Amino acid sequence: MKQFTSVQDVANLQELVNEALQLKQNPYKHKQLGENKTLGLIFLNPSLRTRLSTQKAAINLGMNVMVMNLDKEGWALETQEGAIMNGTTVEHIKEAAAVMGQYCDILGIRSFPKLQNREEDYSEELLQQFIKYSKIPVVSLESATRHPLQSLADLITITENKTAGKKPKVVLTWAPHIKPIPQCVANSFAEWMRKADVELVITHPEGYELSDEFTAGATVTTNQQEALEDADFVYVKNWSSYNDYGQVLTEGEGWMLTEEKLQRSNNAKVMHCLPVRRNVELSDEILDGSNSLVLEQANNRTFAAQAVLKRMLESLDQA
Ligand code: CP
């Protein structure tokens, strides 16, 4: 595996999930694989789970890890080709990424969208420039449009919790929030579930349609109660509007998931990528209840990252 930025980088989802589950059973089995190899983790936005789980995954594989909060600790980056850098930017991504590529064997990048210009965000310019100029394998730690390590952890969690022999009904439901949130997690979850062996239903208020690129083939409805009928898994997430880009169109009254709403489900397990705003996105009763998978998802972030890094290390060995 040369890069991991979307589900398109995975030839066989089930094999990758199985590999992650094997690593979960025996995390230190491949401790020699990462010897004398360095992972650089570059953050342009905050993180708890991604930062710690990816470090842990790398350490489990015997790698050295360097972490940099580039937005706070690095020079202000320029990304425009041909820019006359007489303003606030100090270093061009051409040099910055190339230097990181010299220090590291694999690079992880977190860069959220600005939610101001859809075309700009959806071009994934920053991630693509890191890939181009670092010249080493790059793993997305959440980009402008996707969060593939989260989606892999989500699929691992569903695999562990589903009923054997039954194709699970998985519902992605929009939830209220107090500020504009990127579409990344929802896009990515939809993209991964479409390739997995599940029935995917997406429900959201009018105006929160995601790009067809991620949802084509899924059932999409604005009727949340209907969507929740017989659900086995309910994935709760807020996102801002894609069509009215980055806007919050409604306060989402009535959209927070509650135990009462889940009565019509198939005793559904409830998922959220975290961090979660309690009693805004999801009620205390659900988060503290026995059907919540949120901590299992967070735990599986380590083994998702470990499976991906293991494949990248194996590719380095073959190069
Ligand atoms: N789910 C997730 O990516 O968490 P962090 O933003 O804390 O890394």
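Return the residues of the range 9-39 that are buried (at least 22 other Cβ atoms within 10 Å of the Cβ), of a type outside the set (A, V, I, L, M) and within 30 Å of PRO113 (Cβ to Cβ); say none if nothing qualifies.
none
If a residue must be free of Cβ contacts under 8 Å to residues at least 12 places away in the same chain, farther than 20 Å from VAL139 by Cα and not hydrophobic (A, V, I, L, M, F, W, C), how many such residues does the range 41-98 contain?
Summing the residues that are free of Cβ contacts under 8 Å to residues at least 12 places away in the same chain, farther than 20 Å from VAL139 by Cα and not hydrophobic (A, V, I, L, M, F, W, C) in the range 41-98 gives 7.
Just name the residue that is nearest to the ligand (Cβ to nearest atom) out of those in the range 53-79 that are over 20 Å from the mean Cα position of the chain (by Cα) and aliphatic (A, V, I, L, M).
So the residue we want is VAL65.
Based on this model, can you work out whether THR258 counts as surrounded by 20 or more Cβ atoms within 10 Å (Cβ to Cβ), over 18 Å from THR157 (Cβ atoms), more than 18 Å from the chain's Cα centre (by Cα) and more than 16 Å from the ligand (Cβ to nearest atom)?
no
Just wondering, is there one or more residues in the range 126-138 that are crowded, with 24+ Cβ neighbours inside 10 Å, within 16 Å of the ligand (Cβ to nearest atom) and touching a residue at least 12 places away in the same chain (Cβ under 8 Å)?
no
Has the range 34-52 got at least one residue that is within 22 Å of the chain's Cα centre (by Cα) and more than 16 Å from the ligand (Cβ to nearest atom)?
Yes, the range 34-52 has at least one match.
Can you name the residue in the range 277-295 that is within 30 Å of ALA58 (Cβ to Cβ) and buried (at least 17 other Cβ atoms within 10 Å of the Cβ) and is also nearest to the ligand (Cβ to nearest atom) among such residues?
VAL294
No lab work stands behind these numbers, since they all come straight from the coordinates. Please read all numbers here as calculations on a predicted model, not as lab measurements. Glycine gets a Cβ as well: all are built from the backbone with ideal geometry, and neighbour counts include every protein chain shown.
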